[in-house]
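Asks: Submitted below is the structure of interest, expressed as structure tokens.
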Amino acid sequence: MAIERTLSIIKPDATRRNLTGKINAKFEEAGLRIVAQRRILLSREQAEAFYAVHKERPFFGGLVSFMTGGPVVVQVLEGEDAVAANRRIMGATNPANAEPGTIRREFAEDIEANSVHGSDSAENAATEIAFFFTPNEIVG
Ligand code: ATP
Ligand code: MG
């Protein structure tokens, strides 16, 4: 295991319900450090580019509308095995399948409005972090 960084997004369903602090507490209690963070509105172009891997999927249009429908908090999390650790803290994509204690089990509304995004590999984490942050905006 090594110290890694991963890209996290607190999604519009969670910012709307004022859950940023409760979600950040889950990361911090699990030992991840928030080393960069910014609250933004995603443009349609940004959301389409960020989720380009899903553009042929039937849920793509809905996902882009959802992600641009309110503020998101983009953040870099740092810690031991951060990519996998964050996926565990988030829980399964569909909150109905998420383990007790995970963010999605506790907070997500449904499979689309599932409160958080987390990079799914170290390689994607590097790409996704660079999508939102310059190196000098990340303070470890
Ligand atoms: P994320 O990429 O947001 O961390 P994930 O890796 O668990 O989540 P993906 O399969 O990459 O899930 O899907 C990206 C996002 O698209 C999901 O988090 C969810 O918001 C939305 N999504 C996925 N599957 C569906 C679906 N069947 N119906 C509606 N929205 C979906
Ligand atoms: Mg994903």
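Asks: Starting with the fewest neighbours, write out LEU41, LEU7 ranked by other beta-carbon atoms found within 10 Å of each beta-carbon.
Replies: Ranked by crowding around the Cβ, least crowded first: LEU41, LEU7.
Asks: May I have the pair-distance distribution P(r) for the chain, computed from all Cα-Cα distances with 10 Å bins from 0 and rounded to whole percent?
Replies: 13, 45, 37, 5
Asks: At 7 Å along Cα-to-Cβ for each site, give me the label-to-label distance between ILE111 and ASN124 in nm.
Replies: In this crude spin-label approximation the distance works out to 1.7 nm.
Asks: Percent relative contact order of the chain, based on C-alpha pairs within less than 8 angstrom and at least six residues apart?
Replies: For the chain, the relative contact order is 38 percent.
Asks: Give, as a single signed number, the net charge of other residues whose beta carbon lies under 15 Å from the beta carbon of GLU99, with Lys and Arg counted +1 and Asp and Glu -1.
Replies: Computed value for this residue: +4.
Asks: Full extension from ILE3 to ASN94: what is 0.36 nm times the residue separation minus their Cα-Cα distance, to one decimal in nm?
Replies: 30.0 nm
Asks: Take each of the peptides 110-120, 30-40, 75-85, average the number of other beta-carbon atoms within 10 Å over its residues, and list them starting from the highest.
Replies: 75-85, 110-120, 30-40
Asks: With label points built 7 Å along Cα→Cβ from the Cα atoms of ASN136 and GLU45, find their separation and express it in nm.
Replies: 2.4 nm
Asks: Okay, moving on. In the chain, with Lys and Arg counted as +1 and Asp and Glu as -1 at Cβ, which of these residues, PRO71, THR102, THR127, has the Cα nearest the positive end of the dipole, that is, farthest along it?
Replies: PRO71
Here, each number is a calculation from the coordinates, and none is a lab measurement. Note that the structure is a prediction, hence the values are computed from the model and not measured. Glycine also receives a Cβ, built like all others from the backbone with ideal geometry; neighbour counts cover every protein chain displayed.
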